[in-house]
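Please treat every number below as a calculation from the coordinates, not as lab data. Remember, predicted model here, so these are calculated numbers, not experimental data. Neighbour counts run over all protein chains shown; Cβ positions are idealised from the backbone, glycine included.
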Amino acid sequence: MTKDVVVVGAGISGMSCAMYLEQAGLDVGVMGGPEGSQLANAPVVRNYPGLPPMSGYELLEEFKSRLGDGVSWHEECISCNRVDEGSYSIEDGNGRKLSSRVVVIATGRRPRLLGIPGERELLGNGLSTCAYCDGAFAEGGNVLVVGGGRVAFDSALYLSGLAHHVMVVMRGTGMRDSTWEDTLYRRGNVAFGRQSVPTSLSRTEDGKTCVSFDNRQAAMYDVVFYAIGSDASLGPLADLVEVDSDGIVALDGGCQCGNGLYACGSVLSGFKVNQAVTAAASGAACACQVVSDLRASGTSC
Ligand SMILES: Cc1cc2nc3c(=O)[nH]c(=O)nc-3n(C[C@H](O)[C@H](O)[C@H](O)COP(=O)(O)OP(=O)(O)OC[C@H]3O[C@@H](n4cnc5c(N)ncnc54)[C@H](O)[C@@H]3O)c2cc1C
């Protein structure tokens, strides 16, 4: 089956990209289902502009419902290879082969976990990996931020405006940049726990999250926020692109990352604010770039 463009990933960025490509009259294949999206884990999304609060899954279904007959749906991508100067050969989980001149990688990223007992059970219920998404649960409460890098600093700063008290714990003796600690101290409601690593999490009967630490102490928090970074989900596409520690490096600082190869959304290294609205915008911008490049190379669309 030959497509004009294959979009790998059916999260917000991939579906937004597919919507714009379809509008340009292109024949688009989308691989994967919305259920694998990070957003599917959000119990309620309150901050997507122009739409009422709804669950992340409902928002993804809303996006999916806007895609029409110009889009075909396929199982997840299990291999993708450049076969000659002009095209990619892509195989889905059912063994179906697709061929396309253009591939858009929209496979998102996965927040890192500590791998300690209790965290899988508490995710979304006392444990969050996204301060901007779940800040509402911190309002007026005592919260713990785990991490000492940039994400932890941003999260603690944001949460200090919502929570009664923010404790930041980190493995090392200080945050990666000491000026971050000064900034947080000045907020008046932020404290630090150094050389301190959570070893297990559990939920108490009164709805708190109990955290045990490696110094054998334990403490209760209303919400725990992991802020230890995330990893780009590349799987079978990893060999096609250049990556740094944050994800795919776009050659042009935008979305092109190879010959006929593009990326959008949170899988991109330059994707700094990981929100649904920024992922949708990235998908739209990427589609416009693809259409413009196809037109420049003589494709009528
Ligand atoms: C718990 C939680 C709550 C959140 N709450 C909010 C919120 O309230 N508001 C907000 O704006 N943002 C929220 N976010 C952030 C939001 O989910 C992300 O910004 C957004 O999902 C990023 O979109 P994306 O398209 O880049 O990646 P994703 O949405 O993660 O989509 C990636 C897609 O690629 C697919 N994929 C991966 N590998 C393959 C493959 N090999 N083949 C085919 N498909 C593949 C995945 O299955 C998935 O469908 C939340 C995130 C989390 C984790």
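Annotation for N81 and Y185: the two label points, set 7 Å from Cα along the Cα-Cβ direction, are 5.8 nm apart. The Cβ shell under 11 Å around I248 holds other residues with a net charge of -2, Lys and Arg each +1, Asp and Glu each -1.
Between K97 and N41, what length comes free when the chain is fully extended (0.36 nm per residue of separation minus the Cα-Cα distance, one decimal in nm)? If you can, show how the numbers build up before the last one.
Working: separation 56, 0.36 × 56 = 20.16 nm, distance 3.03 nm.
Working it through step by step, the gained length comes to 17.1 nm.
Counting every other Cβ atom within 10 Å of each residue's Cβ, L184, L123 order from fewest to most as L123, L184. Scanning residues 5 or more positions from C257 or on other chains, those with amide H under 5 Å from its amide H are L251, Y262, A263, with H placed 1.01 Å from N in the peptide plane.
Other residues within the sphere of radius under 15 Å centred on the Cβ of A232, judged by their own Cβ, net out at -1 (K and R +1, D and E -1). Note on the chain: dipole from Cβ charges, positive end direction compared against A280, T299, S160; the farthest Cα belongs to S160.
Of the residues L127, N189, G56, the one whose Cα sits farthest toward the positive end of the charge dipole of the chain, with +1 on the Cβ of Lys and Arg and -1 on the Cβ of Asp and Glu, is N189. Here the dipole of segment 6-80 is about 280 debye; that uses its Cα centre as origin and unit charges on the Cβ of Lys and Arg (positive) and Asp and Glu (negative). Magnitude of the charge dipole for the chain, about its Cα centre and with charges confined to Cβ atoms of Lys, Arg (+1) and Asp, Glu (-1), is about 600 debye.
Restricting segment 1-103 to GluC sites (Glu not before Pro) that sit in a DSSP loop and have at most 14 other Cβ atoms within 10 Å of their own Cβ leaves E75, E85. The trypsin sites (Lys or Arg not before Pro) of segment 104-186 that meet both conditions, a loop assignment by DSSP and at most 16 other Cβ atoms within 10 Å of the site Cβ, are R112, R171, R176. Across the chain, the mean sequence separation of Cα contacts (distance under 8 Å, 6 or more residues apart), normalised by length, yields a relative contact order of 21 percent. Under the rule a/c < 1.5 gives rounded, and otherwise a/b versus b/c splits prolate from oblate, where does segment 113-226 land using the Cα gyration tensor? Oblate, since a/c reaches 1.5 and b/c is not below a/b. The 3J(HN,Hα) values that the Karplus relation (6.51, -1.76, 1.60; θ = phi - 60°) gives for segment 25-31 are, in residue order, x, 8, 8, 10, x, 10, 10 Hz. Gly and Pro appear as x. So which lysines pass the test for K64, namely a Cα distance under 26 Å, with those fewer than 8 places away in the same chain ruled out? Of all the lysines, those that pass the test against K64 - Cα under 26 Å, at least 8 places apart if same chain - are K3, K97, K272. A DSSP coil position with no more than 15 other Cβ atoms inside 10 Å describes the following GluC sites (Glu not before Pro) in segment 114-165: E139. Look at the dipole of segment 32-111 built from charges on Cβ: of P111, A40, W73, the Cα furthest out on the positive end belongs to P111.
Using 0.36 nm per residue and subtracting the Cα-Cα separation, the extra length available between A238 and A281 on full extension is 13.1 nm.
Ordering I228, I116 from the fewest to the most neighbouring beta carbons within 10 Å gives I116, I228.
Fully extending the segment from R66 to V249 would add 62.9 nm, taking 0.36 nm per residue of separation and subtracting the current Cα-Cα distance.
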